[in-house]
1. Filter the stretch A:153-193 for residues that are within 14 Å of another protein chain (Cβ to nearest Cβ), buried (at least 21 other Cβ atoms within 10 Å of the Cβ) and farther than 21 Å from B:THR158 by Cβ and give the result.
2. Conditions: (1) under 26 Å from B:LYS15 (Cα atoms); (2) touching a His at 6+ places or on another chain (Cβ under 6 Å). A:ALA161 meets all but one. Number of the miss?
3. Scan the stretch A:88-123 for residues that are under 17 Å from B:THR80 (Cβ atoms), modelled with pLDDT under 95 and assigned to a helix (DSSP H, G or I) and jot them down.
4. Within the stretch B:12-43, track down each residue that is within 16 Å of DNA strand C (Cβ to nearest atom) and either more than 22 Å from B:HIS63 (Cα to Cα) or among the hydrophobic types (A, V, I, L, M, F, W, C) (or both).
5. Quickly run through the stretch A:44-84 and pick out the residues that are within 13 Å of DNA strand C (Cβ to nearest atom) and assigned to a helix (DSSP H, G or I).
6. Is it true that B:GLU48 is exposed (fewer than 13 other Cβ atoms within 10 Å of the Cβ) and under 30 Å from B:ILE162 (Cβ atoms)?
7. Quick one: is A:THR70 more than 13 Å from DNA strand D (Cβ to nearest atom) and within 11 Å of chain B (Cβ to nearest Cβ)?
8. Before we move on, is A:ALA58 within 17 Å of B:GLN8 (Cα to Cα) and either more than 10 Å from every other protein chain (Cβ to nearest Cβ) or more than 16 Å from DNA strand D (Cβ to nearest atom) (or both)?
Number of protein chains: 2
Amino acid sequence: MQKATVTQRAIEQLKAMIGSGELQPGQRLPTERDLAVQLGISRSSMREAIRALTVLGALEARHGSGIYVTQLEAGDLLETFGVVADLSRGPQLVELLEVRRILESTATALAAARITRTQLAEVEDHLAAMEATDDPDEILSHDLAFHRTIAAAAGNDTMAAILEGLSSRTFRARVWRGYEQEGAFERTRREHTRILRALTAHDPEAARAAAAAHVGEVEEWLRGQLGNATPTPGDRGA
Amino acid sequence: MQKATVTQRAIEQLKAMIGSGELQPGQRLPTERDLAVQLGISRSSMREAIRALTVLGALEARHGSGIYVTQLEAGDLLETFGVVADLSRGPQLVELLEVRRILESTATALAAARITRTQLAEVEDHLAAMEATDDPDEILSHDLAFHRTIAAAAGNDTMAAILEGLSSRTFRARVWRGYEQEGAFERTRREHTRILRALTAHDPEAARAAAAAHVGEVEEWLRGQLGNATPTPGDRGA
DNA sequence: TCACCGGTAGTGGTCCGACCACTTGGCTGG
DNA sequence: CCAGCCAAGTGGTCGGACCACTACCGGTGA
């Protein structure tokens, strides 16, 4: 471990400082120049280390102000999860959907037990908004909000953040481009309605089943696409 | 979107090139200097962009050789997940364990249905090795391998990679330091044995229950710790 | 007195050019 | 023919300069 690059070591040191609590959430770090001196490296290398922790969601650099530790909450650290979904291809997309199915069904079940009247109304609004427009972008947007609200109601922010990454806009846009063109719209509408009904009835088991079926539907469709000669979005043929 | 920093834009461009398939897995990129010229930025900024995609697991820089696109497999891209676990604190650790419980129980259930004789033997070996030594490090090591082998047998590499991150060495070491000191060893042994029995019997439901109970045990313990005054590992008291 | 505003010191962002460390592949000499 | 050396090319590091932006402080006028 002695032969690691200088930058890599700087990353580890910063990570250790954050992990050990030496650097508290929200706290401001010394300047890039000072940090570089402290760790005995050049400012260039220091900047690379900072950039690394920035993309990981642990640090945040504000131009003209300074470098700060994020709140280290689920949303901050799991933002990179969306990148994974964006760069995944072919069979891996199916695996991701499988993970989503597992988590989403559980989250929906939890939500059924815990959801408040206010949250329930919000879910209903998004469902209504989906049916009120023809603009695909807007539909997708409300679809995402529909599931996001449910995930939030489940009460586990970490799970919600992961699901957010697994449903990121570009990821879904890629898959849905083909999916919705097969007239799957009506089916999606029915599935969403069933989920909402289960939530309203506070019936976890029904909610779990409805959510699993909903995601599983897309999953199955995508699995079928992979067998075809027609290249699936995100599947760059060898 | 026009006002983003130069480096940030370079990151997006590289990401887009990979996502669109313009850059294939394993392919070698132009040199840093050439890339900088292509995107019209300095080499410093280009290096930061490359560093960013390197920590995300999308690129790999080999000193003296060049920059290459990774295979973009689950293991490559989800490596950052371990960092999340390392930097999470207090209540967030419980949420992570909850996610792990959900995924691990499902993975174990899947494994029960699909596991081969060879894999089963491997799981058994790790269990035996755990009981044959007193060295905590070695025990933890075989414990991780025990679950890793099961996750692999489930047949979903993406899920296995996520679980790997959720069980990363430092994460578990932090939690276990206190956990195992409460004589939870014997209980862990019993739980592992029950999991193995369910796998051997190819009984998914029993496997799911055993795995959920296993993780849930630690989860409950940690939840209890948070209420105490005694600072939990990873919980830097305000 | 207080709100406004201009300036200014300090911060991150960008660029440049040089040199170092390592890999690779070809060339040389046995 | 092969082993070993050597040189070109690559990423890694460094230092310094300048730009863009923020935040704070002081003066100014109502």
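The values are calculated or read from the model by the stated rules, or taken from the named source; none is laboratory data. Treat the numbers as computed from the prediction; the structure is a model and nothing was measured. Using ideal geometry, Cβ is built from the backbone for each residue, glycine included, and neighbour counts are taken over all protein chains shown.
1. Across the stretch A:153-193, the qualifying residue is only A:ALA154.
2. Among (1) under 26 Å from B:LYS15 (Cα atoms); (2) touching a His at 6+ places or on another chain (Cβ under 6 Å), A:ALA161 violates only (2).
3. Within the stretch A:88-123, just A:GLN92 meets the criteria.
4. B:GLU12, B:GLN13, B:LEU14, B:LEU29, B:LEU35, B:ALA36, B:VAL37, B:LEU39, B:GLY40, B:ILE41
5. Going residue by residue through the stretch A:44-84, those that are within 13 Å of DNA strand C (Cβ to nearest atom) are A:44-55, A:59-69.
Within the stretch A:44-84, A:SER44, A:SER45, A:MET46, A:ARG47, A:GLU48, A:ALA49, A:ILE50, A:ARG51, A:ALA52, A:LEU53, A:THR54, A:VAL55 qualify.
6. Details: exposed (fewer than 13 other Cβ atoms within 10 Å of the Cβ): no; under 30 Å from B:ILE162 (Cβ atoms): yes.
It is false that B:GLU48 is exposed (fewer than 13 other Cβ atoms within 10 Å of the Cβ) and under 30 Å from B:ILE162 (Cβ atoms).
7. yes
8. Yes; evaluated as a whole, the condition is true for this residue.
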